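Enquirer: To start, I am sharing the structure in question, which I have written as structure tokens.
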Amino acid sequence: MRCFVSLCVCAVFTAAAFCSATAVADQVKITDDGSKAVVTIDGKPFTEYRYAGYAKPILYPVYGPGQKPMTRSYPMVKGVDNEATDHPHHKSIWYTHDEVNGIRFWMENGEGEVNKEVGTQVPTNVEIDGNTIITTNDWNASDGETICSDKRVLTFGTNGDARYIDYEVTWIASSGDVTIGDTKEGTMGIRTNPNLRLKAAPKRGNHTAVGHSINSEGVTDGAMWGKRAAWVDYWGEIDDQVTGVAIFDHPSNPRHPTWWHARDYGLVAANPFGVNHFEGKPDGTGDMKIPAGETKTFRYRFVFHPGDAESANIAQRYKEYAGK
């Protein structure tokens with residue numbers, strides 16, 4: 001596995017204006033230690049792309065403006081106050097899907113479990129280029145057979161007072177035809193800081209939930225589940241600061257605007273495949289087939305911002321992103 005380290009994103013540019021607040025921050029640094037790529041901005045932690053030790057690569061931890069933690073720590077760190085311990089496969093930020101040629105990749109085997117229907121994502125290469133991580137992965141069944149592969153391009157930066165992660169995934173039908181199945185259990189996911197939950201769950205360990213949410217169509221809170229939208233935004237008070245996260249679905253994506261598997265307990269996932277669950281249509285309606293040797297690309301952006309959706313001007317930020 002080859003790894004390259006870049007110390008400064010904008011060193012090759014002479015125009016200081018290019019690295020302004022509305023472009024990629026020149027303070028982004030990525031350092032790879034062989035199991036994770038650590039991303040900092042202005043010398044402060046932003047996130048880590050952890051590609052070893054888990055059933056799938058994840059981004060954890062993730063810090064927003066003011067160094068506020070934006071995702072749940074469980075199960076990477078256990079015993080954190082106010083964190084529910086449900087759904088251990090919801091690991092901070094991740095990309096996967098639960099029905100790929102009949103193999104389940106959203107679900108994971110628990111400790112000591114061996115489920116032949118459950119697969120893993122195995123990194124095959126990781127490279128660093130400036131403010132970008134470029135990685136390839138095999139999606140393997142439990143017997144090691146590769147079902148398909150992907151190429152991911154993760155780019156990190158700032159936009160005004162916000163931080164962002166661009167997450168591009170290209171599915172590669174490297175081992176024959178691929179069918180991405182019609183299920184709600186997918187795909188580009190985040191498990192938010194528990195304060196951004198819409199409902200508390202004291203019996204599960206969450207006693208404080210002060211979150212609110214809205215999508216690009218004006219639908220709010222729990223009613224957003226299963227609805228199509230170009231973007232969603234969640235915000236709430238984290239350590240005495242109102243902070244939020246928006247997720248953008250790029251207009252070039254297949255089936256844009258996507259459906260959202262957006263629960264009231266902090267799971268938010270863009271899922272363009274689960275049509276039968278979201279709209280009550282016959283099972284298989286949302287299947288997407290990629291013929292052998294072909295590819296399919298999806299692009300998303302996470303924006304971690306101070307304030308709520310309105311004060312953070314998320315609608316305008318999306319228009320700027322969509323124009324890229």
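The values are calculated or read from the model by the stated rules, or taken from the named source; none is laboratory data. For clarity, every value in this text was computed on a predicted model and none was experimentally measured. Because the Cβ atoms are built from the backbone with ideal geometry, glycine has one as well, and the counts that use them run over all protein chains shown.
Enquirer: When the residues of the stretch 301-320 are filtered to those that are in contact with a helix residue (DSSP H, G or I) (Cβ under 7 Å, 6 or more places away or on another chain) and not charged (D, E, K, R), which remaining residue is farthest from residue 58 (Cα to Cα)? So that I can check it myself, show each step before the final result.
Expert: Filtering the stretch 301-320 for residues in contact with a helix residue (DSSP H, G or I) (Cβ under 7 Å, 6 or more places away or on another chain) gives 301, 303-306.
Filter once more, keeping what is not charged (D, E, K, R): 303-306.
Details: 303: 17, 304: 17, 305: 21, 306: 24 Å.
Selected residue: 306.
Enquirer: Residue check: is residue 323 at pLDDT below 95 and either more than 13 Å from residue 226 (Cα to Cα) or surrounded by 15 or more Cβ atoms within 10 Å (Cβ to Cβ) (or both)? It would help to see each step written out before you state the result.
Expert: Working: at pLDDT below 95: yes; either more than 13 Å from residue 226 (Cα to Cα) or surrounded by 15 or more Cβ atoms within 10 Å (Cβ to Cβ) (or both): yes.
The answer is yes for residue 323.
Enquirer: Of the residues 280, 226, 222, which single one is out of contact with any Cys (no Cβ under 6 Å at 6 or more places or on another chain), within 18 Å of residue 98 (Cβ to Cβ) and surrounded by fewer than 18 Cβ atoms within 10 Å (Cβ to Cβ)? Even if it seems obvious, please write down each step before you answer.
Expert: Numbers: 280 fails: within 18 Å of residue 98 (Cβ to Cβ); 222 fails: within 18 Å of residue 98 (Cβ to Cβ).
Step by step, each of 280, 226, 222 is checked, and only 226 is out of contact with any Cys (no Cβ under 6 Å at 6 or more places or on another chain), within 18 Å of residue 98 (Cβ to Cβ) and surrounded by fewer than 18 Cβ atoms within 10 Å (Cβ to Cβ).
Enquirer: Which condition from (1) over 19 Å from the mean Cα position of the chain (by Cα); (2) assigned to a strand (DSSP E or B); (3) surrounded by fewer than 21 Cβ atoms within 10 Å (Cβ to Cβ) is the one that residue 155 breaks?
Expert: Among (1) over 19 Å from the mean Cα position of the chain (by Cα); (2) assigned to a strand (DSSP E or B); (3) surrounded by fewer than 21 Cβ atoms within 10 Å (Cβ to Cβ), the lone unmet condition for residue 155 is (1).
Enquirer: Listed residues 204, 228, 191; which is of a type in the set (Lys, Arg) and within 28 Å of residue 51 (Cβ to Cβ)?
Expert: Details: 204 fails: within 28 Å of residue 51 (Cβ to Cβ); 228 fails: within 28 Å of residue 51 (Cβ to Cβ).
Only one candidate passes the filter, namely 191.
Enquirer: Can you tell me which residues in the stretch 191-216 are assigned to a strand (DSSP E or B), surrounded by 20 or more Cβ atoms within 10 Å (Cβ to Cβ) and in contact with a Leu (Cβ under 9 Å, 6 or more places away or on another chain)?
Expert: Going residue by residue through the stretch 191-216, those that are assigned to a strand (DSSP E or B) are 191-192, 201, 206, 212-215.
If we keep only those that are surrounded by 20 or more Cβ atoms within 10 Å (Cβ to Cβ) as well, we get 191-192, 206, 213-215.
Answer for the stretch 191-216, where residues must be assigned to a strand (DSSP E or B), surrounded by 20 or more Cβ atoms within 10 Å (Cβ to Cβ) and in contact with a Leu (Cβ under 9 Å, 6 or more places away or on another chain): 191, 192, 213.
Enquirer: For the stretch 158-181, which residues satisfy the criterion of being part of a loop (DSSP other than H, G, I, E, B) and buried (at least 21 other Cβ atoms within 10 Å of the Cβ)? First the steps, then the outcome.
Expert: Narrowing the stretch 158-181 to residues part of a loop (DSSP other than H, G, I, E, B): 160-161, 173, 175, 177, 181.
Correct list: 181 only.
Enquirer: For residue 289, only one of the following conditions fails: (1) touching a Phe, Trp or Tyr at 6+ places or on another chain (Cβ under 9 Å); (2) within 27 Å of residue 176 (Cα to Cα). What is its number?
Expert: Failed condition: (1).
Enquirer: Just one of (1) of a type in the set (Gly, Ala, Ser); (2) part of a strand (DSSP E or B); (3) surrounded by fewer than 23 Cβ atoms within 10 Å (Cβ to Cβ) trips up residue 244, so point out which.
Expert: Going through the list (1) of a type in the set (Gly, Ala, Ser); (2) part of a strand (DSSP E or B); (3) surrounded by fewer than 23 Cβ atoms within 10 Å (Cβ to Cβ), residue 244 breaks only (3).
Enquirer: Does any residue of the stretch 6-14 turn out to be in a strand (DSSP E or B), at pLDDT below 95 and of a type outside the set (Asp, Glu)? First the steps, then the outcome.
Expert: Here is the first cut: in the stretch 6-14, the residues in a strand (DSSP E or B) are 6.
From what's left, at pLDDT below 95: 6.
Now narrow it down to the ones that are of a type outside the set (Asp, Glu): 6.
Checked against the condition, which is being in a strand (DSSP E or B), at pLDDT below 95 and of a type outside the set (Asp, Glu), the stretch 6-14 yields at least one hit.
Enquirer: Mind checking whether some residue in the stretch 292-300 is touching a helix residue (DSSP H, G or I) at 6+ places or on another chain (Cβ under 8 Å) and surrounded by fewer than 21 Cβ atoms within 10 Å (Cβ to Cβ)? Please lay out each step first, then the result.
Expert: Of the stretch 292-300, the ones touching a helix residue (DSSP H, G or I) at 6+ places or on another chain (Cβ under 8 Å) are none.
No: the stretch 292-300 contains no residue that is touching a helix residue (DSSP H, G or I) at 6+ places or on another chain (Cβ under 8 Å) and surrounded by fewer than 21 Cβ atoms within 10 Å (Cβ to Cβ).
Enquirer: Hey, among the residues in the stretch 217-234 that are in contact with a Leu (Cβ under 7 Å, 6 or more places away or on another chain) and not small (Gly, Ala, Ser), which one's farthest from residue 184 (Cα to Cα)? I'd like the intermediate steps shown before the answer.
Expert: Here is the first cut: in the stretch 217-234, the residues in contact with a Leu (Cβ under 7 Å, 6 or more places away or on another chain) are 221-222, 234.
Then drop every residue that is not not small (Gly, Ala, Ser), which leaves 221, 234.
Working: 221: 18, 234: 20 Å.
The qualifying residue farthest from residue 184 (Cα to Cα) is 234.
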